[in-house]
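These notes concern the structure reproduced below.
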Amino acid sequence: MIKICVIGLGYVGLPICIRLSNFFNVIGFDIKKNRIKQLKNNKDYNSEYTAKELKNKKLFFSNKIEEIKNCNIYIICVPTPINSSKNPDLSFIENSFNTLSKIIKKNDLIILESTVYPGVTRHFISKLENHTKLVNNKDFFTCYSPERINPGDKKNQLSKINKILAYEGKNLDIKKKLLRVYSKICKRIILTKKIEEAETAKVIENIQRDLNIAFFNEILLICEKLKLNFNEVVKLAATKWNFVKFAPGLVGGHCLPVDPYYLSFIANKKGYMPQITLAGRKVNEYMKIYVLRTIEKMIKKKNVKICILGLTYKYGVADIRNSINLEIYKILKKKFKFVKAYDPFYKSKFINDKKNIKNIDYYIFLTQGKIFQNIFKVTPKDKVIDPFYYYTN
C-alpha cells in the first residue's frame with residue numbers, strides 16, 4: 001500500500017498534499033507548529049485553499065517524526081533561499097534528509113521537489129547512504145522532480161501542467177510506483193535519467209524569466225531617459241511575429257531573485273564565471289531605486305497623504321518573501337509623515353482596510369491586476385504615480 005508523506009507545506013507542498021489525498025493516504029509534515037495547527041483547523045494562511053478543500057479523510061497533518069515513519073514515499077518540498085552573502089542556503093533540505101535518515105527503510109522512495117543547483121540531490125543522497133549504510137537505488141530509491149507551482153495562477157494549476165521525473169534507478173516496480181503517483185498530480189510526465197540535468201532545467205526556467213523582465217525594465221529606463229512612451233515602443237515592436245512581450249516591474253518572491261545565484265554558485269565552483277546569468281539581477285534589483293527616485297521627483301512635500309497599492313511580491317498571492325513592494329513601503333513610511341497601503345491579498349486587517357484608499361494625495365501603483373486597475377479608473381490622474389506604466393500612457 002502506498003503511504004505518502006509530503007515534507008514542507010508551503011506553496012509547493014500543500015497543493016501536492018491536497019491533490020494526492022484524493023487518491024492515497026497522505027501525511028503533510030512541517031516543523032512549524034503553527035502551520036500544522038492552522039491546517040488541522042482547516043485554515044490556510046496563504047489563502048490558496050478553502051476549509052472545504054482541506055477537509056479530507058485521507059489527509060493528515062503533523063510535525064512529529066514518529067507519525068511519518070510508516071510512510072514509504074517521501075516528497076520533499078522545502079524552501080531553498082539564499083543567505084546574506086547571496087549564496088545558496090540548503091539548511092532546509094539538509095534538515096529534511098537528517099529527519100529521513102532516522103526513519104528511512106528498505107524500498108522507501110524519496111522525491112526532492114525543491115529548486116536546487118545541479119549536484120545537490122546527489123550530495124544529500126550520498127550523505128544519507130553514509131549515515132544509514134543503505135545503498136541508493138538498491139535499498140532505497142530517489143528521484144528529482146522540480147516543482148512548477150505558480151502561486152496565484154488559476155490557469156496553470158498543478159493538475160494541468162507537465163512534470164519532470166528524473167529517476168536513475170533500474171527497478172521497474174519503483175518506476176511504476178513513481179508514474180502511478182505522479183500521474184495523479186499532473187497532466188503529463190517527462191521522464192529523464194540524469195538528475196543533474198533536471199536540476200539545471202529547473203533553475204534556467206526561472207533565470208530565463210528573470211532575464212526577460214530585466215530586459216524590459218532596462219528598456220523602460222532607456223525610454224525614460226530618451227523621453228519616449230514606453231508602452232507605445234513595446235506596442236510597435238510587438239507587431240513583429242517573433243517578438244516576445246514581457247511586462248516591466250518589481251521582481252520578488254522565492255524563485256526569480258534566488259535561482260540565478262544558485263546556478264552561478266555552482267558554475268563558479270567549477271571554474272566558470274557566468275556572464276549573463278546574473279545580469280538580470282543587477283537591473284531588477286536596481287528597480288527599487290528607480291521607483292523611489294520616481295516618487296521623490298513627483299512628491300516634494302513631506303506632509304502629503306500617500307497610499308501604496310500592492311505589497312505582496314506579485315498580484316494574487318499572500319506571499320511577501322523577497323517583496324520589493326514591501327521594502328519600498330517601509331522606506332516611504334520613514335520619509336513621509338502619512339503613508340498607507342492597500343493590498344487585499346496581504347494578511348493584515350490594516351492593509352486590507354478600504355479606508356486606506358480614501359482621501360489620499362498620491363496613489364502609487366506597484367502592482368498590475370484587476371483590483372488595482374479598478375482603483376486606477378476612479379483615481380484623478382494628477383494623483384497617480386505609475387512607475388511601470390501599467391495603466392497610464
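The values are calculated or read from the model by the stated rules, or taken from the named source; none is laboratory data. All figures in this text were calculated on a predicted structure; none of them were measured in a lab. Cβ atoms come from the backbone with ideal geometry, glycine included; neighbour counts cover every protein chain shown.
Check off (1) at pLDDT 95 or above; (2) surrounded by fewer than 17 Cβ atoms within 10 Å (Cβ to Cβ); (3) closer than 30 Å to residue 356 by Cα for residue 300 and give me the number that stays unchecked.
(1) is the only condition that residue 300 fails.
Quick grid of which residues meet (1) among the charged types (D, E, K, R); (2) farther than 29 Å from residue 254 by Cα:
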site: 170; (1), (2): yes, yes
site: 173; (1), (2): yes, yes
site: 194; (1), (2): yes, no
site: 197; (1), (2): yes, no
site: 220; (1), (2): no, no
site: 225; (1), (2): yes, yes
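Which of the residues belonging to the range 119-143 are within 24 Å of residue 86 (Cα to Cα) and either modelled with pLDDT under 95 or surrounded by 22 or more Cβ atoms within 10 Å (Cβ to Cβ) (or both)? Before the answer, list the steps.
Filtering the range 119-143 for residues within 24 Å of residue 86 (Cα to Cα) gives 119-124.
Once the filter is applied, which keeps residues that are within 24 Å of residue 86 (Cα to Cα) and either modelled with pLDDT under 95 or surrounded by 22 or more Cβ atoms within 10 Å (Cβ to Cβ) (or both), the range 119-143 yields 120, 121, 124.
Where residues in the range 217-239 are part of a helix (DSSP H, G or I), without any contact (Cβ under 8 Å) to a residue 60 or more places away in the chain and hydrophobic (A, V, I, L, M, F, W, C), which of them is farthest from residue 285 (Cα to Cα)?
So the residue we want is 236.
This table checks each residue for (1) loosely packed, with under 14 Cβ neighbours inside 10 Å; (2) among the basic types (Lys, Arg); (3) more than 20 Å from the chain's Cα centre (by Cα).
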position: 6; (1), (2), (3): no, no, no
position: 9; (1), (2), (3): no, no, no
position: 14; (1), (2), (3): no, no, no
position: 18; (1), (2), (3): no, no, no
position: 22; (1), (2), (3): yes, no, yes
position: 27; (1), (2), (3): no, no, yes
position: 33; (1), (2), (3): yes, yes, yes
position: 38; (1), (2), (3): no, no, yes
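Show the residue pairs meeting these rules: Cβ distance below 8 Å; 6+ apart or different chains; first residue within the range 47-73 and without any contact (Cβ under 8 Å) to a residue 40 or more places away in the chain and closer than 10 Å to residue 27 by Cβ; second residue among the acidic types (Asp, Glu) and part of a helix (DSSP H, G or I).
These pairs meet every condition: 60/67.
Taking the condition of being among the polar types (S, T, N, Q) and either touching a Cys at 6+ places or on another chain (Cβ under 8 Å) or buried (at least 16 other Cβ atoms within 10 Å of the Cβ) (or both), how many residues in the range 352-376 meet it?
The initial filter retains those residues of the range 352-376 that are among the polar types (S, T, N, Q), namely 352, 356, 359, 367-368, 373-374.
From the residues that got through so far, the ones that are either touching a Cys at 6+ places or on another chain (Cβ under 8 Å) or buried (at least 16 other Cβ atoms within 10 Å of the Cβ) (or both) too are 356, 367-368.
The qualifying residues number 3.
Looking only at the range 80-93, which residues are of a type outside the set (Val, Ile, Thr), touching a Phe, Trp or Tyr at 6+ places or on another chain (Cβ under 7 Å) and either surrounded by fewer than 18 Cβ atoms within 10 Å (Cβ to Cβ) or free of Cβ contacts under 8 Å to residues at least 60 places away in the same chain (or both)?
86, 87
Can you say whether residue 8 is in contact with a strand residue (DSSP E or B) (Cβ under 7 Å, 6 or more places away or on another chain), touching a residue at least 60 places away in the same chain (Cβ under 8 Å) and more than 12 Å from residue 181 (Cβ to Cβ), as far as the supplied structure shows? Walk me through it before giving the result.
On the way: in contact with a strand residue (DSSP E or B) (Cβ under 7 Å, 6 or more places away or on another chain): yes; touching a residue at least 60 places away in the same chain (Cβ under 8 Å): yes; more than 12 Å from residue 181 (Cβ to Cβ): yes.
In short, yes.
Applying the selection to the range 288-319, what residues are of a type in the set (A, V, I, L, M, F, W, C) and either in contact with a Gly (Cβ under 8 Å, 6 or more places away or on another chain) or under 18 Å from residue 361 (Cα atoms) (or both)?
291, 292, 295, 298, 299, 304, 306, 307, 308, 309, 317
Condition (residue is closer than 27 Å to residue 128 by Cα, more than 23 Å from the chain's Cα centre (by Cα) and surrounded by fewer than 22 Cβ atoms within 10 Å (Cβ to Cβ)) applied to the range 42-57: is it met by at least one residue? Before the answer, list the steps.
Residues of the range 42-57 that are closer than 27 Å to residue 128 by Cα, as a first pass: none.
For the range 42-57, residues closer than 27 Å to residue 128 by Cα, more than 23 Å from the chain's Cα centre (by Cα) and surrounded by fewer than 22 Cβ atoms within 10 Å (Cβ to Cβ): absent.
Filtering the range 240-277 down to residues that are outside any loop (DSSP other than H, G, I, E, B) and among the charged types (D, E, K, R), which residue is surrounded by the most Cβ atoms within 10 Å (Cβ to Cβ)?
The qualifying residue surrounded by the most Cβ atoms within 10 Å (Cβ to Cβ) is 259.
Which of the residues belonging to the range 317-336 are within 21 Å of residue 374 (Cα to Cα) and either in contact with a Ser or Thr (Cβ under 6 Å, 6 or more places away or on another chain) or surrounded by fewer than 17 Cβ atoms within 10 Å (Cβ to Cβ) (or both)?
Of everything in the range 317-336, just one residue is within 21 Å of residue 374 (Cα to Cα) and either in contact with a Ser or Thr (Cβ under 6 Å, 6 or more places away or on another chain) or surrounded by fewer than 17 Cβ atoms within 10 Å (Cβ to Cβ) (or both), namely 318.
I'd like the residue in the range 225-239 that is closer than 16 Å to residue 391 by Cα and under 30 Å from the mean Cα position of the chain (by Cα) and, out of all such residues, is surrounded by the fewest Cβ atoms within 10 Å (Cβ to Cβ).
235
Given the condition of a type in the set (Phe, Trp, Tyr) and either in contact with a helix residue (DSSP H, G or I) (Cβ under 6 Å, 6 or more places away or on another chain) or on the phi > 0 side of the Ramachandran plot (or both), answer yes or no: does some residue in the range 142-163 qualify?
Yes, the range 142-163 contains at least one residue that is of a type in the set (Phe, Trp, Tyr) and either in contact with a helix residue (DSSP H, G or I) (Cβ under 6 Å, 6 or more places away or on another chain) or on the phi > 0 side of the Ramachandran plot (or both).
Rundown of residues vs (1) acidic (Asp, Glu); (2) surrounded by 22 or more Cβ atoms within 10 Å (Cβ to Cβ); (3) not in a loop (DSSP other than H, G, I, E, B), yes/no style:
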{"position": "289", "(1), (2), (3)": "no, no, yes"}
{"position": "341", "(1), (2), (3)": "no, yes, yes"}
{"position": "347", "(1), (2), (3)": "no, no, no"}
{"position": "350", "(1), (2), (3)": "no, no, yes"}
